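Shown next, in structure tokens, is the structure this report addresses.
The values are calculated or read from the model by the stated rules, or taken from the named source; none is laboratory data. Computed from a predicted structure; not experimentally measured. Please note: Cβ atoms are built from the backbone with ideal geometry, for glycine as well, and neighbour counts cover all protein chains shown. Note: accessible area is taken over every heavy atom of the protein model, side chains too, but ligands, DNA and RNA are not part of it. Shrake-Rupley method; radii C 1.70, N 1.55, O 1.52, S 1.80 Å.
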Amino acid sequence: VTDGTRTEYRTCPLCEATCGLEVTLHADEVVRIRGDRDDVFSRGFICPKGSTLKHLEADPDRLRTPLIRRNGVHEPAAWDEAFQEIESRLRPIIEQHGPDAVAVYLGNPNVHSMSGVLYNRVFLKALRTRNIYSASTIDQMPKHVSAGLMFGHPDLIPVPDIDRTGYLLMLGANPYESNGSLATAPDWPGRMEAIMERGGTVVVVDPRSTRTTRAASEHVFIRPGTDPLLLFGLVNVLFADGLVDPGRLADSVEGLDAVRAAAAPFTPEAVANGCGVDADRIRRLARDLAAADTAVVYGRIGTHTAEFGTLASWLVDVLNTLTGNLDRPGGAMFPRAATEQPRDRRGFRTGRYTSRVHGLPEVRSEFPVATLADEILAPGDGRVRTLVTLAGNPVLSAPDSDTLDRALGELDFMVSLDLYLNETTRRADVILPGTPPLRRPHYDFAFTQLAVRNVANFSPAILTAEHENPDEWRILLRLAAVVAGQGRSADLDAFDDMVFATLIGRSVADPGSRVTGRSPEELFAATTGAPGPERMLDFLLRTGPYGDGYGTAPGGLTLERLRAAPHGVDLGALEPRLPSALATPNGRVDLAPKVIIDDVARLSKRLTSSGNGHLVLVGRRDLRSNNSWMHNLEVLVKGKERCTLHVHPADADRLGLDPGGMAMVVSAAGSVAAPVRVTDDIMPGVVSLPHGWGHDLDGIRLNVAATRPGVNTNRLVPAATDPLSGNAVLNGIPVEVTPT
Ligand SMILES: Nc1nc2c(c(=O)[nH]1)N[C@H]1C(S)=C(S)[C@@H](COP(=O)(O)OP(=O)(O)OC[C@H]3O[C@@H](n4cnc5c(=O)[nH]c(N)nc54)[C@H](O)[C@@H]3O)O[C@H]1N2
Ligand SMILES: Nc1nc2c(c(=O)[nH]1)N[C@H]1C(S)=C(S)[C@@H](COP(=O)(O)OP(=O)(O)OC[C@H]3O[C@@H](n4cnc5c(=O)[nH]c(N)nc54)[C@H](O)[C@@H]3O)O[C@H]1N2
Ligand code: SF4
Ligand SMILES: [Mo]
């Protein structure tokens, strides 16, 4: 267009919904962002956050240069100066104490970035530390563990086929605010309402009444942390009533008898008191689930960030299997992502090594972030002395934050790659500025693996680099070169060629690959896309299940084809994939993995303890938030205070709380004072605070967020974990609440 206005299309990288955005620019300025009506998946849907990429881009507090802390103050520095500082302080620590003295924390935005997905591993491989931590252990790790043990690979996670199901039983999720998780679907609300419009049923299990529960056919209140009791109750009824029928997969499933035995004590009468759901209702829910033509059970963060997270996660897929809904349309299905690579059949296990202080098992080569503070604070050989945070804010997001924050102050050295000087990065000696979304290309490697439809969509960068390090993958390569002792001036182009050649080399050597035995040089030369993540994407697409196979399947997917389709390519509804997609050594579903069955005894003790009158704390999300880091955008935080303590009227009365007054909340870990909101949207005995707030610490540069700081709920959360997954227990925290 002649007036210099242009329109670009891209996928929103902020949450898991992957909405298509239509971005209007004038020269290098974003004029407007709205939903892309032609996006093959989102059809114009967006939430209030999508259009704020414009405000994120313009935020004066967003970092644009490296910062080095000198005499306690973060000062702008040149890139080479910053890397020199890192090199001169990090290398001696590695040389003297070994790589395990360096811990790395990977935050959530890494899974929303091509650089994060493809290049963090290059950095980690160069560093060779065992001290790897991530937001996964304050989120979905139980699902990886149960999926790994049942299906053979921790990424073989079935998703609810909500577009075709007739019955959805959803636990611990609030997609009307979160837009869905481990179930990528733009416009979850519309898709959920469509279930009921076609005569289906949606039952939501949640200790709070939410926009999701209100839109559902039925809301079941549950005592926090007790989902596995309810789920076991359902399993028990299916067996007792002769309703078990794994259908087509009957011959591919083993462990049915062990599941029956494990569920035997959990009769509806036995669990009712513990979970707070009537026995009759449990029976009815089980029968409805079995009777529905198609049905799916789906559990999310409320069930995962819990004491029995892995048990709950496992029971969800046990129910899907027992009712014949695993791997069938309308049930729980396995997406086939366009970049999927062949999986070996070695199976999955945890605990190949353990953490130094508490002997916690590694899970997916990670330790629980709940134990990071102790690894820093406990003296002795192998102590963590240095931390690198990559797009993470654990001071607000991880449990026992006061201790973690104090621990960060004890480090010898800390480096952060981030968009902001915030609660965590204020502890860093060097902060490197990350690349904001519109200045980088995007392809959703992670969420196409979890989407309710198979789709592929590539977004080129639409704004040019604002400094000499145009993208995070180059920063990560440089960090890799530094920790590996190659120096900060290493030839990054040659390094990247080597990384790419290694990827190709592995693929041609893999007997299951689509390019087995091909010439690596020929494939390298035939690949299109700029060096870095783009050409890797081309390679992964072309060797993926829909790819052109570098000539063997003409017309198949390539990066070029995605470039020509700015609204994305629809690859169809999910299709049954079992048993061939299973990665277990024997090629069958293990319905009763031994380590999981062994954990049932721990749950049985729950049957006898029906909560001793303690109030318990749970979290919540709000549509206008994104974990801890978007509170600096005025458009999202304006309006009434959102970081409030929800209290049921009966509890407020009993505790003498003043609606609109303040309450002191005290737990075994710490205390916070928060404004009270009395509401019957929460069950008696439960209170709720959202996470991601607490922007009142000294040394941060978040001028908008600091005006509405809120309180950090994770100061109340002790550093306890689900033993099988290492996931933190963020919900169901016993607290005392008093008026202040
Ligand atoms: N109590 C409680 N705690 C929780 C939860 C809960 O439900 N209750 N939820 C948990 C969950 S699910 C998660 S995922 C975690 C999140 O935990 P974290 O990942 O630790 O926290 P975020 O708030 O996502 O912080 C992301 C950080 O990355 C930076 N950032 C954003 N985009 C980019 C980028 O493109 N590049 C770079 N370099 N940096 C970027 C931001 O400035 C911010 O510092 O929180 C968890 N904490
Ligand atoms: N607007 C917004 N969207 C987001 C995010 C955000 O911060 N803001 N974060 C993103 C991230 S990183 C993630 S992981 C996803 C998470 O997405 P969801 O899994 O949908 O998470 P929440 O919206 O927190 O909903 C969890 C629900 O579980 C309930 N709950 C708490 N304890 C229990 C329990 O013991 N049992 C049961 N059955 N329910 C319980 C809570 O009351 C809450 O309503 O959201 C993503 N999307
Ligand atoms: S729902 Fe998620 S992906 Fe869609 S616009 Fe909002 S933040 Fe972006
Ligand atoms: Mo998350």
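Considering the zone a paramagnetic label at R406 would reach in this model (a point 7 Å from Cα along the Cα-to-Cβ line), which residues of the stretch 704-740 have amide N under 18 Å from it? Residues 712-720 fall inside that zone. Note on the chain: Kirkwood radius taken over Cα pairs, Stokes-Einstein applied at 4 °C and 1.567 mPa s, translational D equal to 49 µm² s⁻¹. Dividing the C-alpha radius of gyration of the stretch 282-419 by 2.2 N^0.38 Å, with N its residue count, gives 1.44.
Which value in Å is the Kirkwood Rh of the stretch 319-394 over different Cα pairs? In the stretch 319-394 this quantity evaluates to 16.5 Å. Extension gain, K640 to A264, is 130.5 nm, computed as 0.36 nm per intervening residue step minus the present C-alpha separation. Subtracting the Cα-Cα distance of H614 and E197 from 0.36 nm times their residue separation leaves 146.1 nm of extension gain. In the stretch 452-504, the convex hull through the Cα atoms has an average projected area of 6.0 nm², a quarter of its surface area. Within the stretch 603-740, antiparallel bridges make up roughly 70 percent of the DSSP beta bridges whose residues both belong there.
Extending 7 Å from Cα along the Cβ direction at E468 and again at D622 yields two label points whose distance is 4.2 nm. Charges were assigned to the Cβ only: +1 to each Lys and Arg, -1 to each Asp and Glu. The resulting dipole of the stretch 238-280 about its Cα centre is roughly 120 debye.
Within the chain, what is the number of lysine pairs with alpha carbons under 20 Å apart, leaving out pairs fewer than eight places apart on the same chain?
Close lysine pairs found across the chain: 5.
Placing unit charges on the Cβ atoms of the charged side chains and taking the dipole of the stretch 472-522 about its Cα centre, the candidate lying farthest along the positive direction among V483, S507, W473 is V483.
Computed extension gain for D241 through V595, at 0.36 nm per residue and net of the alpha carbon distance, reaches 124.7 nm. Quick one: work out the % antiparallel among DSSP beta bridges in the chain, nearest 5. Taking every DSSP beta bridge with both residues in the chain, the antiparallel ones total about 50 percent. Helix-derived [θ] at 222 nm for the chain: sum -39500 (n - 2.57) over DSSP H runs of at least 4, divide by residue count, nearest 500? Here the helix-only value at 222 nm equals -9000 deg cm²/dmol. Around the Cα centre of the stretch 127-170, unit charges on the Cβ atoms of Lys, Arg, Asp and Glu (plus for the first two, minus for the last two) sum to a dipole of about 260 debye. Between the stretch 290-319 and the stretch 111-135, the alpha-carbon centres lie 29 Å apart.
Summarising the amide proton neighbourhood of T201: residues at separation of 5 or more, or on other chains, whose placed amide H is nearer than 5 Å comprise Y167, L168. Charged side chains reduced to their Cβ positions (Lys and Arg at +1, Asp and Glu at -1) give the chain a dipole of some 580 debye around its Cα centre. The stretch 676-740 and the stretch 369-426 have Cα centres lying 19 Å from one another. The calculated FRET efficiency for the pair R602 and T5, based on their C-beta separation and a Förster distance of 56 Å, comes to about 0.35.
Entry note, the chain: relative contact order of 19 percent, from Cα contacts under 8 Å with a spacing of 6+ residues.
Rolling a 1.4 Å probe over the protein heavy atoms of the chain, with every protein chain left in place, gives an accessible area that is 50 percent carbon and sulfur. Distance between the C-alpha centres of the stretch 167-241 and the stretch 526-587: 33 Å, rounded to the whole angstrom. For the stretch 411-452, the equivalent ellipsoid derived from the alpha-carbon gyration tensor has semi-axes of 29, 13, 8 Å in decreasing order. Each of H144, A78, G98 was scored by the projection of its Cα onto the charge dipole of the stretch 66-149, and the greatest displacement toward the positive side belongs to H144; charges sit on the C-beta of Lys, Arg, Asp and Glu.
Each of A673 and T707 was given a label point 7 Å from its Cα along the Cα-to-Cβ line. The distance between the two points is 2.3 nm. Projecting the Cα atoms of L655, L523, S397 onto the charge dipole of the chain, computed from C-beta unit charges around the Cα centre, puts L655 farthest toward the positive end. Remark on the stretch 1-98: Rg and Dmax equal 20.3, 61 Å (Cα only). The alpha carbons of the stretch 158-247 occupy a box of 38, 31, 23 Å along the principal axes, longest dimension given first. Run through the stretch 157-233 and list the trypsin sites (Lys or Arg not before Pro) located in a DSSP loop whose Cβ has at most 13 other Cβ atoms within 10 Å. Filter output for the stretch 157-233: R198. Model label sites at D570 and A553, defined 7 Å from Cα along the beta-carbon direction, differ in position by 2.0 nm.
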